[in-house]
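The values are calculated or read from the model by the stated rules, or taken from the named source; none is laboratory data. Since the structure is predicted, the reported quantities are computational estimates derived from the model, not experimental observations. Every residue, glycine among them, receives a Cβ derived from its backbone with ideal geometry; neighbour counts consider all protein chains shown.
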Amino acid sequence: MLRTKLIFGLLSLLFLLLVMGLLCLHWYAHLDTEAQKGAQLFGIFLVLAGAEIVYLLTIIPKRIFSPLAMLKSSIQQVGEGDLDQQVAPICHDEFGLLSDSFNKMVLQLRSSNEASARKFMRLDETMQKTLTSFPDPIFVLNSEGIMGFRNPSADSLAVRLLFAGVNRLPDQVQQIVAEVWAADKDYLPISYKESIKFRFNQADVYFMPRVILLRDDHGVAFGTAVILEDITHLRQMSEMKSNLVSTVSHELKTPLTGLRLSAYLLEERSLGPLNETQLDLVTNARQAADRMLSMLNDFLNLTRLEESVPTLNLKVVPPEKLVAQAIEVTSALAHESGIKVLTGNIAGFPSVLVDPERIAHVFNNLIGNAIKYSPALGEVLVSVEKLEAHRVRFSVRDKGPGIPHQYQSRIFEKFYRVPDSIRSGTGLGLAIAREIVEAHGGEIGLSSAPGEGSEFYVLLPSAENTSSIENVTSANAKA
């Protein structure tokens, strides 16, 4: 563009000089002697100016535009990734200096590119060695689900599953990957019940699948990493522990029930009179037997829930009925503790599809805990709320001491108790509640802050999209 304008300007100037020269020749014969001398000098000036313009038209393309064109072409090729470009300096003026600066820039880019390439090669080699030595199978897929990488452990698993050389995942894992992409959320299970079982050489092998979406700097997913952690040994140990707990609990339950019955008979003085000291001892023994039996029942219930998804006797139940029953069951504890159990708006909400007996255990536990941790003459508020996605939210709020944030993530673990807790317990109630709620396809959670009380909430699926059948038996109600 600049070249065209410059040449057009010079040609226009040359044309103007030519016209002026022709006019001088036309007027020359009509001038006197002195004027003719001036015209001659002006004509010589016009000839010299024209010659200079012709010279410029000849030299400018060679001295200015040719180097600029070469430099432009080299810059374009560098932009396309060709770092072997060098511009030969045609002259030693400003264009020569510009060419020299360009050549130095390309050398620096080439050096930086080679250093980056070496760095990425080392990083790639390190990653390859790390993934290769990783004991668990690792699969990496692109956004279209095409296998891009699998480590030797994954190759070994493929051989054992009889699909060596085929770039696909086991069917169970492929389904999880599809769900992860649909939900745009990583799959990081923690329960052994979510493990995947394969059978090799007449033996069961369990893997815990972990599916992670690979994202770029803008958070856009471009691939998937699948890690199958071999938890066979851990699961076997867990099953052994559960079996031991179950066995011990069963073996203790029968004699403990007999001791408890004997203590009740003695306390009621059915077998004869007791003095006050003897009665106190018998009462303490009976209370201890009650606590131990309750603990054993919790052990057994949790063991059954962890071993398999429970069979639920599902029914369509109004939320207000579930809340009213739980408040009635815990009314004696509330009266004894001087706590008022209040209800917010609990009527008029969609019914829920639940096993009433099992969900009652959840609500009884949550309201009972709220009563225990409330200050004297305090209040507990139970409320219901409708959420989107056909879910109903039940909430139990107290004004107790609250739970520090660092302990909240573990509050639903079995046997876990918040340090320096003011109440005693086994730490099993909330763990059982979580298992029951998750078996219904629901969620249980906590919102709390020290000194501001605690709110435990339960999200359950509503029965809005179900038929009006009152009694539905389900073999598997797990989400």
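When the residues of segment 269-296 are narrowed to those that are free of Cβ contacts under 8 Å to residues at least 24 places away in the same chain and within 50 Å of the chain's Cα centre (by Cα), which ends up nearest to I436 (Cα to Cα)? Step through it out loud before you land on a result.
To start, the set of residues in segment 269-296 that are free of Cβ contacts under 8 Å to residues at least 24 places away in the same chain comprises 269-284, 287-288, 291, 294.
Remaining after also requiring within 50 Å of the chain's Cα centre (by Cα): 287-288, 291, 294.
On the way: Q287: 27, A288: 27, R291: 22, S294: 18 Å.
Out of the qualifying residues, it is S294.
Among the residues of segment 200-226, write down those that are farther than 15 Å from P137 by Cβ, at pLDDT 85 or above and either outside the structural domain of Q175 (by TED's automatic domain parsing) or in a strand (DSSP E or B) (or both).
D204, L213, L214, R215, A221, F222, G223
Here are some conditions: (1) of a type in the set (A, V, I, L, M); (2) modelled with pLDDT of 80 or more; (3) not in a helix (DSSP H, G or I). V309 meets all but one. Which one does it not meet?
Here V309 clears every test but (2).
So which residues in segment 314-347 are part of a loop (DSSP other than H, G, I, E, B) and in contact with a strand residue (DSSP E or B) (Cβ under 9 Å, 6 or more places away or on another chain), if there are any at all?
The answer is P318, T330, I339, G344, N345, I346, A347.
Each row is one residue, and each column tells you yes or no for (1) loosely packed, with under 15 Cβ neighbours inside 10 Å; (2) under 26 Å from the mean Cα position of the chain (by Cα); (3) within 18 Å of R150 (Cβ to Cβ).
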position	(1), (2), (3)
R210	no, yes, yes
D216	yes, yes, no
L228	no, yes, yes
Q236	yes, no, no
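Provide a single number: the residues in segment 347-362 that are crowded, with 21+ Cβ neighbours inside 10 Å and of a type outside the set (D, E).
6
If L252 passes every condition in (1) of a type in the set (A, V, I, L, M); (2) closer than 30 Å to R286 by Cα; (3) not assigned by TED's automatic domain parsing to the domain that holds R291 but one, which one does it miss?
(3) is the only condition that L252 fails.
Could you say whether any residue in segment 276-290 is in the same structural domain as E388 (by TED's automatic domain parsing) and touching an Asp or Glu at 6+ places or on another chain (Cβ under 9 Å)?
Looking for residues that are in the same structural domain as E388 (by TED's automatic domain parsing) and touching an Asp or Glu at 6+ places or on another chain (Cβ under 9 Å), one finds none in segment 276-290, hence no.
State which residue is nearest to I227 (Cα to Cα) when the search covers only segment 108-136 and only residues that are at pLDDT 70 or above and surrounded by 12 or more Cβ atoms within 10 Å (Cβ to Cβ).
Applying the filter and picking the extreme gives D136.
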